[in-house]
Amino acid sequence: MKALITGATSGIGMSIARKLRRRGWELILTGRNEAMLKQLKYELGDTEVITADLSDRNDVFKVYEFCKDKNIDLLVNNAGYGIFGRFEQTDLEDELRMIDVNITAVHILTKLFLRDFKRRDHGMILNVASSAGFMTGPLLSSYYASKNYVVRLSLAIAEELRRDKSNVSITILCPGPVDTNFNNRAGVNFSVKPITADFAAEYAIRKTFEGQLIAIPGFSMRAGVFASRFVPYKLMSAITYGIQHRKKSSEGKGKAALS
């Protein structure tokens, strides 16, 4: 069995890579950090790596071309990041790069590998979204919007697969805050206790193998997402603003690797 994992050099992506390798999977890992990819290749063994910046559409297609004849069984779309701050103040170019990583790259890889999987009638897709994908997120507006895209796209694909009686499955990982070093460097503090990347990764792998569509680790987060369905949009936005505002550190704003 072989998996392609994007954003594999840190956080949930790295944890998924290590856990799959311990289960005997062959891996293809991609990320921007070439040195870390080489380190993981040495650590894990039976692993191929390809350096790529998924904000560059050409690199996205390069990753697919590298993998398309390697009989991938599992695609893990994990690469992504968020930008904290008021919408009119955040950097436009950085936001567009984020949209390219969080949306465009996920869209391209999901479509291309889905076509291959459907021809074989075999394969799994794990799209790493967020509990943010069910909500509106003042102060993380573009990030929340991008994760809404991933959730809604994946749900639509799942229904198409169900109607085709396909053996291909898609799972959406929707965690709340995840504790990574990236978050500490971003100058963003969580207002609720985050889960570990290892916990999120183990939960994601188990639910993917079970063929579950939506995977939300942690009872409190599952309850929160469920309850949010019954709260008026304006009130939910106000609540979310308060939560995000409490994350703000003295530095004010930055990137946050929120899943």
Go over the candidates LYS41, LYS62 one by one and state the one that is in contact with a Ser or Thr (Cβ under 7 Å, 6 or more places away or on another chain) and of a type outside the set (Phe, Trp, Tyr). LYS41
Close pairs from the stretch 42-68: first free of Cβ contacts under 8 Å to residues at least 12 places away in the same chain, partner part of a loop (DSSP other than H, G, I, E, B) and surrounded by 17 or more Cβ atoms within 10 Å (Cβ to Cβ), Cβ under 7 Å, at least 6 apart: ASP59/ALA52; ASP59/ASP53
Could you list, in sequence order, the residues of the stretch 27-66 that are touching a Lys or Arg at 6+ places or on another chain (Cβ under 9 Å), farther than 15 Å from ALA79 by Cα and of a type outside the set (Gly, Ala, Ser)? LEU27, LEU40, GLU43, LEU44, ASP46, THR47, GLU48
Specify the residue that is surrounded by the most Cβ atoms within 10 Å (Cβ to Cβ); the eligible residues are those in the stretch 163-195 that are modelled with pLDDT of 95 or more and β-branched (Val, Ile, Thr). ILE172
Just need a number here: residues in the stretch 103-113 that are over 14 Å from VAL76 (Cβ atoms) and touching a residue at least 24 places away in the same chain (Cβ under 8 Å). 5
Which of the residues that make up the stretch 57-82 are in contact with a strand residue (DSSP E or B) (Cβ under 6 Å, 6 or more places away or on another chain) and under 30 Å from ARG246 (Cα atoms)? ASN77, ASN78, ALA79, TYR81, GLY82
Which residues, taken from the stretch 1-31, are among the basic types (Lys, Arg) and modelled with pLDDT under 95? none
Residue check: is LEU153 more than 17 Å from the chain's Cα centre (by Cα), buried (at least 19 other Cβ atoms within 10 Å of the Cβ) and in contact (Cβ under 8 Å) with a residue 24 or more places away in the chain? no
Could you check, for the stretch 116-127, whether at least one of its residues is without any contact (Cβ under 8 Å) to a residue 40 or more places away in the chain and surrounded by fewer than 24 Cβ atoms within 10 Å (Cβ to Cβ)? yes
Exactly one of (1) under 26 Å from TYR203 (Cβ atoms); (2) at pLDDT 95 or above; (3) more than 15 Å from the chain's Cα centre (by Cα) is unmet by ARG57. Its number? (1)
Filter the stretch 9-36 down to the residues that are of a type in the set (A, V, I, L, M, F, W, C) and either buried (at least 21 other Cβ atoms within 10 Å of the Cβ) or in contact with a helix residue (DSSP H, G or I) (Cβ under 7 Å, 6 or more places away or on another chain) (or both) and list them by number. ILE12, MET14, ILE16, ALA17, LEU20, LEU27, ILE28, LEU29
Every residue in the stretch 209-246 that is under 21 Å from ILE125 (Cβ atoms) and of a type in the set (D, E, K, R), please. GLU210
Can you pull out every residue in the stretch 211-247 that is in a loop (DSSP other than H, G, I, E, B), over 20 Å from SER141 (Cβ atoms) and more than 20 Å from the chain's Cα centre (by Cα)? ARG229, PHE230
Scope the stretch 92-125; condition within 17 Å of SER55 (Cα to Cα) and among the acidic types (Asp, Glu); matching residues: GLU93, ASP94, GLU95, ASP100
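The values are calculated or read from the model by the stated rules, or taken from the named source; none is laboratory data. As the structure is a prediction and not an experimental result, all values here were calculated from the model. Quick reminder, even Gly has a Cβ in these numbers, built from the backbone with ideal geometry, and neighbours come from all protein chains shown.
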